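The values are calculated or read from the model by the stated rules, or taken from the named source; none is laboratory data. These numbers were taken from a predicted model, which means no experiment stands behind them. Ideal geometry is used to build each Cβ from the backbone, glycine not excepted, and the neighbour counts take in all protein chains shown.
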Ligand SMILES: Nc1ncnc2c1ncn2[C@@H]1O[C@H](COP(=O)(O)OP(=O)(O)OP(=O)(O)O)[C@@H](O)[C@H]1O
C-alpha cells in the first residue's frame, strides 16, 4: 500500500473501525484535527487483525500511528478479559532510552482527557518504562509488581532483562496482544537483532506486530520474517506537488524526506567551515527573526543562546536542556541553538525547529535524512544545510575529479543521496550574512576569505588559555579523522584526500598529535608550523589537575636522570624481544593473508580495462595510491553487489 504525505488525510471520525470517544477527544484536544497519511493508512489495519511494516518519512506522525492501535487493542481486551496484575498486554521496543521519558505518557494523555470533563468509561492502560539510568532492572520489576502495567516500553536489552532476567518468575507475557518495533532499522544498526529475536520467541504467536521506520534497510527483511506474519507493507511516499514546475533539486521523482524540507549543501575548505556556519546562522536569522536551530557540529561561537546535548549528559540535565530549548521565547533577541551530536539525530521531536545545520556529513549515511528530519515536522516548513569539503561532492552527486574516469568504469557513479531519494540543492559559498555568494563549487577558483584567518586565530587564542582545551581539541581532531577513515561511503570520504593540516587548523591545534593517520605526512611541506611556545609552562586552568601534571613531570624527570636515556632504550628493546612468540606468528599470518587478498584484487582490477592503466601512468607512488583507492572502490562495489543479491532474495 502506498500513499503520499503531501496533505492531511481526512478527519479522525472517518476511521473504520471508529476510535473510542475519549481517545478521539484527546487526539483532537491535542490539536490534531486531521490524520496524517501514515496514520490514515496504518491505524485501521493495525487495529484490525493485520501485521504492518510501515515506512514513512521523518516527522510524519508514526508514533501516534502505533500508540492509538495499542491503546484501542488494550481497551478492547479490558472489556473482554482484563489482564491480571502480573500480565502485560503490549510491548513497544525502541532503540534509545535517551528521549523515552520526555514523550507524553499515557497518564498524561488521560489527565488531558480528565481536563476535558469527559470521564472515560474505562481508564487508560498503565504504562511502564524500562529504560535508561533512572531505574535498575530490579527496580523495574518491583515497580511492576506494585503498580502493574499493561504496556511496557523500553530498549531491547532492558526489556529482555525485564522479561527473562530478574522478572522471569513474575512477568507474564502469555496474554500479550501487540508488539511494536519502533525505528526498526536503528534497532538493527545497534546490533539488537539477536536480543529482539530472543524476546520474540518468548511472546505468544497469536499477537499483532507492527514494524515502523523512516528508512528501510535490507537487514529488516530478516526481522520481518522472524517477527511478523503476512504483514501489509505501508510506504508513505512524498511526491512533487501536482501542477508545480519541478525545481532542479526535485529531480528525484520520489522523495524520502518531507515535502516541506529544503535541503542544501555548501562546499568549502575545512578551515572555512566555521565562518560558513556563522554566516548560515546569521543568514537564516535574517530570513526568520525567531528561527530555532539545531547544529550538529563540534564548534560554534557563543553569540546565540546555546544549549548542548550529547550522550554523556546525565538524563536530568538532558530533559531540562530540551525543555529550555523548546520553551526559549521566539521573540528573544538571542535566538536559540541546540548544539548536539548524533544523539539528537533521531527520535527527537521538537516541532519548532526551523533549521538544521550539519557541520560534517554523518559517518553513517542513513543518518542524513534523520538529521534533516529534526526540522520540517508535521507539515511545517524547514531548511537543512550540510557543509561539505570539495572532495566530498560525490555525496551529493558531483564525483571528485579523479573519480570522473574511474567511477563510471566501476559502475559506482550513482549520486549517493539521490539513491536514497534525498533531493539536495547546492548553495554558493556565503560571502556575508546577507547570503551573497558569487563563488560556487570549486574552492580553488575562490580567493582567500579574510574572515577565515581571524576566526582561526580566535580559536587558537581560546585554546591557548587552557591546556584542557588543547587536550579536547586533539581528541576531537583524532576522533574526527578516525571517523572519516571509517566512513561507510569510503569511495567518497578518502582519508588521503582530506587536508589533514587544514582540519588541524580548524580544530585550533597548536601542534600535531602522533597518530597512525599522520604517519608518513610531512607537516612542514604542507605548511604546518607548530605554535612556538613553552609547553612545560602551558597550564591547566583547573588547579588540582595542574598540580598533578607538575608532579608527574617531576617524577619523569627524576626517573630519567636516574636511568639515563640509554636505559630507557634498552627497556623498549627488551619489551619488544619478550613479546609473545604466538603474537608475532599470528601477526605475520594476518599480514600475509592481507597481501594475498590485495594482489587478487589488483589482478581483478587490471582486467577491468585500459582506462585504469592509462590513469596510472604517472609514476609509481601515485599509482600505488590510486590502486589503493580502487581497492576501496572494489570493496564497495562488491559490498553493494552482495547487498543487492540479499535484497532480491529476501524482498519483503
Ligand atoms: N495528525 C496530526 N496532526 C498534526 N500534528 C501531528 C499529527 N500526528 C502527529 N503530529 C505531530 O507531528 C510531529 C511528528 O510526529 P512523530 O514524532 O510521531 O513523527 P515520526 O514519523 O515518528 O518522526 P521520526 O521518524 O522523525 O521519529 C509531532 O510533533 C506530533 O505531535
Mind listing whichever residues of region 333-348 are crowded, with 20+ Cβ neighbours inside 10 Å and more than 20 Å from residue 305 (Cβ to Cβ)? 345, 346, 347
Just checking, does region 126-138 include any residue being under 27 Å from residue 43 (Cβ atoms), modelled with pLDDT of 90 or more and buried (at least 16 other Cβ atoms within 10 Å of the Cβ)? no
Please specify each residue of region 307-343 satisfying the condition of being more than 27 Å from residue 360 (Cβ to Cβ) and at pLDDT 85 or above. 320, 323, 327
Region 339-358: number of residues that are under 24 Å from residue 388 (Cα atoms) and within 15 Å of the ligand (Cβ to nearest atom): 9
Taking the conditions exactly as written (in contact with a helix residue (DSSP H, G or I) (Cβ under 8 Å, 6 or more places away or on another chain), over 19 Å from residue 267 (Cβ atoms), away from the ligand (no atom under 16 Å from the Cβ) and at pLDDT 85 or above), does residue 406 satisfy them or not? no
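Listed here are the residues, each with its yes/no results for (1) over 27 Å from the mean Cα position of the chain (by Cα); (2) within 9 Å of the ligand (Cβ to nearest atom); (3) farther than 19 Å from residue 255 by Cβ; (4) assigned to a helix (DSSP H, G or I).
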{"residue": "23", "(1), (2), (3), (4)": "yes, no, yes, yes"}
{"residue": "41", "(1), (2), (3), (4)": "yes, no, no, yes"}
{"residue": "59", "(1), (2), (3), (4)": "no, yes, no, no"}
{"residue": "65", "(1), (2), (3), (4)": "no, yes, yes, yes"}
{"residue": "68", "(1), (2), (3), (4)": "yes, no, yes, yes"}
{"residue": "74", "(1), (2), (3), (4)": "yes, no, yes, yes"}
{"residue": "77", "(1), (2), (3), (4)": "yes, no, yes, yes"}
Residue count, region 47-57, condition crowded, with 23+ Cβ neighbours inside 10 Å and assigned to a loop (DSSP other than H, G, I, E, B), comes to 1
What pairs come up if the first residue lies in region 331-351 and is more than 27 Å from residue 215 (Cα to Cα), the second is away from the ligand (no atom under 16 Å from the Cβ) and assigned to a loop (DSSP other than H, G, I, E, B), and their beta carbons are under 6 Å apart, counting only those six or more places apart or on different chains? 334/304; 335/291; 335/304; 336/328
Residues located in region 514-545, provided they are part of a loop (DSSP other than H, G, I, E, B), more than 20 Å from residue 457 (Cβ to Cβ) and at pLDDT below 90: 514, 515, 519, 520, 521, 522
Can you pull out the residues in region 6-21 that are within 12 Å of the ligand (Cβ to nearest atom) and touching a strand residue (DSSP E or B) at 6+ places or on another chain (Cβ under 8 Å)? 8, 9, 10, 11, 12
When (1) in a loop (DSSP other than H, G, I, E, B); (2) surrounded by 18 or more Cβ atoms within 10 Å (Cβ to Cβ); (3) modelled with pLDDT of 85 or more; (4) within 16 Å of the ligand (Cβ to nearest atom) are applied to residue 370, the one that fails is (1)
In region 311-324, what count of residues is obtained for those that are surrounded by fewer than 13 Cβ atoms within 10 Å (Cβ to Cβ) and closer than 11 Å to residue 343 by Cβ? 2
Which is within 23 Å of residue 180 (Cα to Cα) and at pLDDT below 90, of 14, 48? 48
Among (1) modelled with pLDDT under 75; (2) within 16 Å of the ligand (Cβ to nearest atom); (3) surrounded by fewer than 16 Cβ atoms within 10 Å (Cβ to Cβ), which single condition is residue 303 missing? (2)
Say we look at region 25-39 and pick out the residues that are assigned to a loop (DSSP other than H, G, I, E, B), crowded, with 16+ Cβ neighbours inside 10 Å and free of Cβ contacts under 8 Å to residues at least 60 places away in the same chain; which of these is farthest from the ligand (Cβ to nearest atom)? 35
At pLDDT 50 or above, in contact with a helix residue (DSSP H, G or I) (Cβ under 9 Å, 6 or more places away or on another chain) and either farther than 24 Å from residue 351 by Cβ or surrounded by fewer than 19 Cβ atoms within 10 Å (Cβ to Cβ) (or both), is that true of residue 71? no
Take the conditions in a helix (DSSP H, G or I) and touching a residue at least 24 places away in the same chain (Cβ under 8 Å) and apply them to residue 470. Does it pass? yes
